[in-house]
Every structure is written in structure tokens, then in C-alpha cells.
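Notes to accompany the following structure.
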Amino acid sequence: MISPLLVLAIGTCLTNSLVPEEEKDPNYWRNQAQETLKNALELQKLNTNVAKNVIMFLGDGMGVSTVTAARILKGQLHHKPGEETQLEMDKFPFVALSKTYNTNAQVPDSAGTATAYLCGVKANEGTVGVSAATERTRCNTTQGNEVTSILRWAKDAGKSAGIVTTTRVNHATPSAAYAHSADRDWYSDHEMPLEALKQGCKDIAYQLMHNIKDIDVILGGGRKYMFPKNKTDVEYRMDEKAGGTRLDGLNLVDIWKSFKPKEKHSYFVWNRTELLSLNPDSVDYLLGLFEPGDMQYELNRNNVTDPSLSEMVGVAIKILKKNPKGFFLLVEGGRIDHGHHEGKAKQALHEAVEMDRAIGQAGAMTSPEDTLTVVTADHSHVFTFGGYTPRGNSIFGLAPMVSDTDKKPFTAILYGNGPGYKVVDGERENVSMVDYAHNNYQAQSAVPLRHETHGGEDVAVFAKGPMAHLLHGVHEQNYIPHVMAYAACIGTNLDHCARATAAGSPTPGPLLLLLALLPLGTLF
Ligand SMILES: [Zn+2]
């Protein structure tokens, strides 16, 4: 039920002046819908090509409310009302919902979910690259329960592979692509309990360099986990906390290099200038570590030392594309999640917009004829926006009325819980007294928590390219890599692949297939 006060407020705010002129013509909407219908009818011709390339974009914590808010932000950054804007991911023809729960958690974390959408097996929260038989922190439950990822399947099939993230390269999401760990927090041996070390478990940074030695491109943060303790960081020389963490004294960057064939060109870079001055044609292997820990938020990024996500994706694809057998690339917009945890919606949404830019960048460099692109999230957040805001209202703005209960204004964006809970003199803080449009403003929450939590509802899966139509309906999250592998003819389910011709060409008819299967001599 809407209160009369509220109706009055809406009535005064939602005047006709907010409506773009063309939208007043019913034909605007009819033509737009008919155009959409025409495109939808085209989709009946399914793309059943073999996916030479697979690109997976993972927005960490990018629930559906975040996607919608990021869409409005993107439009408003282009001086539009925003709601009508299309994100790059909005243009993908197929959409599904993914059920994100972990085997032991209704509201999941990024480690168990990464195991699901990369390895195809649901797992316990906090664990990566292992089945649900592994219990978090219990090293001795790891052995025998390892599960491999689509990145490994792609390498086994002779494809190139890359990992690009805005978090540490040994953070939960990327680590499920190459590591098997009972605890996502075992970044280096320094973070591991003695018992686990004694039992022979290896930290995740170590596993990054040793498990799959020929990952072609690795870009992100996490420098400190690669170097011996007390080794000064190359960028933050005065900051002790930025220095190396490893107790075993290993220099994992040197080890990474030593595993590469001498005749190949391997490069380690640590800043944007170095990255962008590389000639991708002459790079075989690339390791870029741009921060000691996670990379900077896009809004705080230093344009000399820190590349943007879309810049990293651009370089990665140029290098990976050189393999005639194609590639698998995992791209993580990893700090959408961090912005939300801190209650800083503006940081989170700018991270999401930047990931969308990277999706556009990848789309411009590849073709849906031979490249399957999947965009999804691991889980949602308790992030919401509402309050009957008028068309084009700043996504970071106020609702058009005060609360009919405490008589104070409120922002459209709110969190269910988190650090933004604020009571002043026994009452909810008056937001009109603070700079709620600030980059680091923490939106109000219903329950005080130092870290806002994940949300438990389904997340969206957007797909385009070969076999994208298999991502439809409501499915378990671990279904996703099974589709990607099927489309690319990698992994174990390959029976359909004998029928498929070379990458990029359509499936042949039965006669053509018969001819192709006959020994050459029988034709003459
Ligand atoms: Zn999180």
C-alpha cells in the first residue's frame, strides 16, 4: 500500500518533463519492440558452431540489482537518463539464471561458487578446486578430492589460456582455475597454519606457478605473495606491508620464468606503462602483477601504474588469439564485491561499468561465429535500490520523498546490512547533511555489520556465440562450464565433436559427414 503522502510526492516529481520527447510517441515503443522481435526470430537459427574461443566474464558479487544500477550509471555517465541504456551484456541474446548456493551454504562465497562455474562441481564455501568431500581449512581432506577446471581442459586440448582479474591473481575466483585448496585464504605459506604446511598442502600462489605451468597470460594484483618475506615491493618501497610474504624464500616470478621454454618470449611487468608498451605479437607468456594485493578501484586508479580491466583484456586477447587452436580466457571484475562489502555502492557500480567496458572490448576483438562469451556472477549482495525515484534520477541520489515514519530523506540505494548503518542521537542519520554522492559514501543499511554480506538469490548468466542457447532457464551454477566445454569440444563430453568440422564452420549434413569419414582412397 502506498501512503497518500507518498502518492503526492510521486505526483509532483514524475512530471511529463522527465519523459524524453520521442518516448511520448507510441510508435517509438512499437517500432522498438518490433525490431527486438525481428532479432528474436533470427535466434531460431541456432549457432551450433564449435567455439574456438571461450571467454568467461565473472562479476564478483554482480547480482541483478547491481547490473540494473550499473546500466543506469553507464547511461548517466553519457548524460542520458540511464534506464534505457544498454550494457554490453544486455546485448547478449541468451540469458539464464544460476542457482548459487554452496554444498554447505545457502548464501555462498566466492570460492565454492568459483569451483562450481569453473570446475563443474559444487563445493563447500571457502574451498577451491576440490569437491564437497574437502572440508574448509582441513588440509588432510584435500588429497583425492581435487577437481580440474575448464582452464585445464582448454590447455589439455592445445588451446591458450589466460586469467585477468582486478583482485589478487591468487584470490578465490581465479584460484579455482588452477589450484586445489581446502582454504581460499592460503594466499602464500605465510597465511597457512603450520599443521597444513606439515601435511604437505601448498599455498595458492605456489600452485599458480606449479600446477599448470603454461598458462599463457596472468594479469592482476598479488605481487607480495610471490616474493620472499622482507623483499621490498618494487612500487611501494617504504611500505613494509607491501613487501614479500613468503616464508619458504621462493621467488615465484623467477620460478614462473624458469618453467618457460628458452626460445619463447616471457615477460613480467608490474605497471601500466610496461604493459601497454609490449608488442603482443612478440609475447608468448605474460605475467603482470600491478599491486601487492588487490588492484585499485577503477575510480582511484593511477593511470601510469595501474591498467584498467579493459586494457588488460585487450592485451590478453591479442596474445591469446595467436594460437590457431583458440583460447580460454577468464576475466574477473573482482572488486564489485569489495565495493559492496564496504557499503560503497559508487565504487562497486563503477567497477561493474568498467567490466562492461571490458566485455565490449572483447566483443570488438572476437566474433560470435567462433567465440562463446559468457557473463555471470558468483553470487549477489544485499544491495538494492528503490523509493519511487523519477526517471533519470541520479543513481546515487535521494528518493523523491521523506520517510513517512521518521520524516527524514533517504537514498535510493540501500543495503540490507553493512557498515553504513548510522544512528545519530538515537535516530537514523539525516542523509541530506552528508555528501551521499561521494565515491566512498557508505549507503545506509538496516543492520550494522562491519562488512556487508553476500545475497542468496539467483544471478544472471548472459551468453552469446556457439551453443549460447544452452544457457537458458534456471540452472545449477555448476552447469555453466559443462556448456562451455561442450561448445568448445574440450573436456570429456566429446561425442558430438566428431560431427563438427573445423572451428567456425557450421556442422555438416549427414552426407558430408559420411564423406568426411571415408578413407580418402575410397572416393577415387
Ligand atoms: Zn564477497
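With the requirement that a residue be basic (K, R), surrounded by fewer than 24 Cβ atoms within 10 Å (Cβ to Cβ) and not in a loop (DSSP other than H, G, I, E, B), what does the range 156-203 give you?
K198
Scan the range 99-114 and report the pairs whose first residue is in a loop (DSSP other than H, G, I, E, B) and whose second residue is at pLDDT 95 or above and of a type in the set (K, R), with Cβ atoms within less than 7 Å and a gap of 6+ or a chain change.
So the pair list comes out as T103/K122.
Determine, yes or no, whether V107 is of a type in the set (A, V, I, L, M) and more than 16 Å from the ligand (Cβ to nearest atom).
The answer is no for V107.
Residue check, M89 against (1) more than 16 Å from the ligand (Cβ to nearest atom); (2) over 14 Å from the mean Cα position of the chain (by Cα), all met but one. Which one?
(2)
Every residue in the range 376-434 that is within 16 Å of the ligand (Cβ to nearest atom) and either assigned to a strand (DSSP E or B) or of a type outside the set (D, E, K, R) (or both), please.
Correct list: T376, A377, H379, S380, H381, V382, F383, Y415, G416, N417, G418, P419.
Condition (residue is within 15 Å of the ligand (Cβ to nearest atom), touching an Asp or Glu at 6+ places or on another chain (Cβ under 6 Å) and in a helix (DSSP H, G or I)) applied to the range 358-369: is it met by at least one residue?
no
Quick check on the range 327-349: of everything there that is away from the ligand (no atom under 16 Å from the Cβ) and crowded, with 24+ Cβ neighbours inside 10 Å, which residue is farthest from the chain's Cα centre (by Cα)?
Ranking the qualifying residues of the range 327-349, first place goes to F327.
Residue-by-condition table, conditions (1) without any contact (Cβ under 8 Å) to a residue 24 or more places away in the chain; (2) in contact with a Ser or Thr (Cβ under 8 Å, 6 or more places away or on another chain); (3) farther than 30 Å from T389 by Cα; (4) hydrophobic (A, V, I, L, M, F, W, C):
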| position | (1), (2), (3), (4) |
| --- | --- |
| Y415 | no, yes, no, no |
| Y421 | no, yes, no, no |
| A443 | no, yes, no, yes |
| L449 | no, no, no, yes |
| G473 | no, no, yes, no |
| Q477 | no, yes, yes, no |
| P481 | no, yes, yes, no |
| L494 | yes, no, yes, yes |
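Would you point out the residue of the range 435-455, among those that are of a type in the set (A, V, I, L, M), more than 16 Å from the ligand (Cβ to nearest atom) and not in a strand (DSSP E or B), that is farthest from H341 (Cα to Cα)?
Restricting to residues being of a type in the set (A, V, I, L, M), more than 16 Å from the ligand (Cβ to nearest atom) and not in a strand (DSSP E or B), the top hit is A437.
From (1) farther than 23 Å from L118 by Cα; (2) under 18 Å from the mean Cα position of the chain (by Cα); (3) surrounded by 23 or more Cβ atoms within 10 Å (Cβ to Cβ); (4) within 16 Å of the ligand (Cβ to nearest atom), pick out the condition that doesn't hold for P307.
Among (1) farther than 23 Å from L118 by Cα; (2) under 18 Å from the mean Cα position of the chain (by Cα); (3) surrounded by 23 or more Cβ atoms within 10 Å (Cβ to Cβ); (4) within 16 Å of the ligand (Cβ to nearest atom), P307 violates only (4).
Give me the residue from the range 110-155 that is surrounded by fewer than 19 Cβ atoms within 10 Å (Cβ to Cβ) and charged (D, E, K, R) and, out of that set, nearest to the ligand (Cβ to nearest atom).
Per the criteria, the residue is E135.
Would you confirm, using the coordinates I've provided, whether T373 is part of a strand (DSSP E or B), more than 16 Å from the ligand (Cβ to nearest atom) and either at positive phi or surrounded by fewer than 24 Cβ atoms within 10 Å (Cβ to Cβ) (or both)?
Considered against the rule, which asks whether it is part of a strand (DSSP E or B), more than 16 Å from the ligand (Cβ to nearest atom) and either at positive phi or surrounded by fewer than 24 Cβ atoms within 10 Å (Cβ to Cβ) (or both), T373 comes out as no.
The values are calculated or read from the model by the stated rules, or taken from the named source; none is laboratory data. The model shown is predicted, which means the values in this text are computed figures rather than measured ones. Because the Cβ atoms are built from the backbone with ideal geometry, glycine has one as well, and the counts that use them run over all protein chains shown.
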